[in-house]
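What follows is a single structure, written as structure tokens, with notes after it.
The values are calculated or read from the model by the stated rules, or taken from the named source; none is laboratory data. A quick note: this is a predicted structure, and the numbers were derived from the prediction, not measured. For neighbour counting, all protein chains shown are included, and Cβ atoms are generated from backbone atoms with ideal geometry for every residue, glycine included.
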Amino acid sequence: MAHSSDSYNLLSAEAFANPYPIYGRMRSETPVYWYERFEAWVLTRYDDVKTMLDHLEMLVVSPVSFPEDVPTEQQAKQQKIAEFLGRWVIYQNPPRQTVLRQLLSQGFKAITIRDLRPRIQAIADELLDELTANGEEMDVIWDFSFPFAVTVIAEILGVPSSDRYLFKAWALKLRDANIGYIDDPELIDEIDQIIDAAKSYLSVLVAERRQNLGGDLTSGLVRVQEDGRMLEDEELLSNLLLLLFGGQETTMHMIGNGLLALLKHPDQCQMLKENPGLIEIAVEEFLRYESPGPLAMRITGTDLTLGGQVMCAGQKVFGMVGAANRDPAHFPEPDRLDITRQPNRHLAFGHGVHFCLGAALARLEGQIVFPTLLRRLPQLRLGTEDLDWCRSIAIRGTTTLPVVFKLKGY
Ligand code: HEM
């Protein structure tokens, strides 16, 4: 039976609020589906998404593209943006990706993620001190999760977290730059300016570290560069920006989605409160249940067959990580939140050569934040049932998450 994109409309308000029924239908009816509107194959089975992530002929490519017929000045800006973002490890393929990833991982060795626990705990506590002193309600996304995620990564990189509102502006615009085709000259101008601003900000940071190496990630990367290991200046700056920005939105939604899941499942919330030792398994379940980055994109490097479907070289493939993580062939009762679920080999951090470089950090952040929120805000409840989900198939999270944490008169 043929299915049109409309029968699987992933861009409707209902689908943004709850894409899982559509993923489920696609998985059982047409698991490898040519989605006309995206001009891409859409994969919804776990095995196919994992095969895609592991496949060496499934190439990454920067999603940003621009119109060709534009004045020279705009052409130059477009080229600059494409080149700068194109240096991100996430948009590089082996063999360069292999080298670049090794260099970045080497830089990460400057910090031991486990040793960050006390500082991450302090960052969460300081934010909650401020929020509880100033009221009885908050928006978990923008009042807590965003400043938390930015402050943590800023500290790790060794940049002042007081600049976090600057990073927020950059992050929001760079998100626009990563959605695909951009033809709005104003947006191109803004992104161009942000890249200039970010480059000069990060150049100063790198120059300072060259004078005075420390124990932060930037120093680790400067050391890698000084050891003559072929990390070019532009590549260093570009990937510093990726690290600064890459994990913010996903971490922010991991916190929002996990907390929302707990508030909607009081039995699971109670179990976690009574058994804090479950937290590591629980965080994996939050990541599976509502994966913050539910889509991985690839381009076929050659003609190939995946999930029984012949694909031609140069075609786009969307691996729906969010659908894979609800595949009943791998997760019994996949739509049930079960904070004791084991095994839980979800794909929320990807798989294969591009597996998330920040996974250990994000996991630790989750393992600290959820128990802290439950301990410090025992009366936490949802401020509204009317939640607005991001209108994107690549980001899964609510745009805000209002909660009340003290009952009036309590
Ligand atoms: C809950 C939070 C996070 C989630 C769900 C997440 C998810 C992902 C996923 C799915 C990928 C693979 C994308 C693909 O294969 O196309 C990825 C790659 C990556 N992530 Fe994360 N991420 C998170 C946090 C972070 C953090 C905190 C950082 C930075 C410290 C980070 C840095 C990266 C980098 C650099 C890559 C590219 C690795 C490569 O291409 O070799 N992520 N992430």
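Among the listed residues LEU237, LEU260, LEU243, which satisfies the condition of being under 16 Å from the mean Cα position of the chain (by Cα) and not β-branched (Val, Ile, Thr)? Explain how you work it out, then say what you get.
On the way: LEU237 fails: under 16 Å from the mean Cα position of the chain (by Cα); LEU260 fails: under 16 Å from the mean Cα position of the chain (by Cα).
Of LEU237, LEU260, LEU243, the one residue that is under 16 Å from the mean Cα position of the chain (by Cα) and not β-branched (Val, Ile, Thr) is LEU243.
If I filter segment 263-285 down to residues being of a type in the set (A, V, I, L, M, F, W, C) and over 24 Å from ILE156 (Cα atoms), which single residue comes out as farthest from the chain's Cα centre (by Cα)?
Narrowing segment 263-285 to residues of a type in the set (A, V, I, L, M, F, W, C): 263, 269, 271-272, 278-279, 281-283.
Imposing the further condition that a residue be over 24 Å from ILE156 (Cα atoms) reduces the set to 263, 269, 271-272, 278, 281-282.
Values: LEU263: 22, CYS269: 24, MET271: 28, LEU272: 25, LEU278: 24, ILE281: 20, ALA282: 19 Å.
Among those that are of a type in the set (A, V, I, L, M, F, W, C) and over 24 Å from ILE156 (Cα atoms), it is MET271.
For segment 357-391, which positions are in contact (Cβ under 8 Å) with a residue 60 or more places away in the chain and under 14 Å from the mean Cα position of the chain (by Cα)?
Selection gives LEU357, GLY358, ALA360, LEU361, ALA362, ARG363, GLU365, GLY366, CYS390.
Within segment 2-15, does at least one residue satisfy the condition of being in contact with a Lys or Arg (Cβ under 6 Å, 6 or more places away or on another chain), among the hydrophobic types (A, V, I, L, M, F, W, C) and either closer than 19 Å to ALA323 by Cα or outside any loop (DSSP other than H, G, I, E, B) (or both)?
Scanning segment 2-15, I find no residue that is in contact with a Lys or Arg (Cβ under 6 Å, 6 or more places away or on another chain), among the hydrophobic types (A, V, I, L, M, F, W, C) and either closer than 19 Å to ALA323 by Cα or outside any loop (DSSP other than H, G, I, E, B) (or both), so the answer is no.
Is it true that ARG114 is among the basic types (Lys, Arg) and loosely packed, with under 13 Cβ neighbours inside 10 Å?
Against the criterion (among the basic types (Lys, Arg) and loosely packed, with under 13 Cβ neighbours inside 10 Å), ARG114 qualifies.
Name the residue that is farthest from the ligand (Cβ to nearest atom), counting only residues in segment 351-394 that are touching a Ser or Thr at 6+ places or on another chain (Cβ under 8 Å), hydrophobic (A, V, I, L, M, F, W, C) and assigned to a loop (DSSP other than H, G, I, E, B).
LEU377
Filter segment 28-58 down to the residues that are touching a helix residue (DSSP H, G or I) at 6+ places or on another chain (Cβ under 6 Å) and of a type in the set (Lys, Arg), then identify the one that is farthest from the ligand (Cβ to nearest atom).
In the first step, residues of segment 28-58 are kept if they are touching a helix residue (DSSP H, G or I) at 6+ places or on another chain (Cβ under 6 Å); the result is 33, 35-37, 43-46, 49, 53-54, 58.
Add one more test, that the residue is of a type in the set (Lys, Arg), and what stays is 37, 45.
Details: ARG37: 21, ARG45: 17 Å.
Of everything passing the filter in segment 28-58, ARG37 is farthest from the ligand (Cβ to nearest atom).
So for segment 122-139 (the condition being surrounded by 21 or more Cβ atoms within 10 Å (Cβ to Cβ), within 30 Å of ASP388 (Cα to Cα) and under 21 Å from the mean Cα position of the chain (by Cα)), does at least one residue qualify?
The answer is yes; a qualifying residue exists.
Just to be sure, is GLU68 free of Cβ contacts under 8 Å to residues at least 40 places away in the same chain and in a loop (DSSP other than H, G, I, E, B)?
Working: free of Cβ contacts under 8 Å to residues at least 40 places away in the same chain: yes; in a loop (DSSP other than H, G, I, E, B): yes.
When the stated conditions are applied, GLU68 passes them.
Any residue that is touching a Lys or Arg at 6+ places or on another chain (Cβ under 9 Å) and assigned to a loop (DSSP other than H, G, I, E, B) - is there at least one of those in segment 154-161?
yes
Which residues, counting only those in segment 269-327, are of a type in the set (Val, Ile, Thr), away from the ligand (no atom under 13 Å from the Cβ) and either free of Cβ contacts under 8 Å to residues at least 60 places away in the same chain or in a helix (DSSP H, G or I) (or both)? Step through it out loud before you land on a result.
Within segment 269-327, the first condition is being of a type in the set (Val, Ile, Thr), and the residues that meet it are 279, 281, 283, 299-300, 302, 305, 310, 317, 321.
Filter once more, keeping what is away from the ligand (no atom under 13 Å from the Cβ): 279, 281, 300, 302, 305, 310.
Selection gives ILE279, ILE281, THR305, VAL310.
In segment 266-279, how many are closer than 17 Å to LEU382 by Cα and either in contact with a helix residue (DSSP H, G or I) (Cβ under 9 Å, 6 or more places away or on another chain) or at pLDDT below 95 (or both)? Show your work before the answer.
At the first step, the residues of segment 266-279 found to be closer than 17 Å to LEU382 by Cα are 266-270.
This time we only want the ones that are either in contact with a helix residue (DSSP H, G or I) (Cβ under 9 Å, 6 or more places away or on another chain) or at pLDDT below 95 (or both), so: 268-269.
Residues that pass the stated criteria total 2.
When segment 92-130 is examined, which residues are found to be aliphatic (A, V, I, L, M), within 14 Å of the ligand (Cβ to nearest atom) and in a helix (DSSP H, G or I)?
Of the residues in segment 92-130, the ones aliphatic (A, V, I, L, M) are 99-100, 103-104, 110-111, 113, 116, 120, 122-124, 127-128.
Remaining after also requiring within 14 Å of the ligand (Cβ to nearest atom): 99-100, 103-104, 110-111, 113, 116, 120, 123.
Listed by number, the residues that qualify are VAL99, LEU100, LEU103, LEU104, ILE113, LEU116, ILE120, ILE123.
Look through LEU242, LEU231 and report the one residue that is within 15 Å of the ligand (Cβ to nearest atom), in contact with a Phe, Trp or Tyr (Cβ under 6 Å, 6 or more places away or on another chain), modelled with pLDDT under 95 and not small (Gly, Ala, Ser).
From the options LEU242, LEU231, the qualifying one is LEU242.
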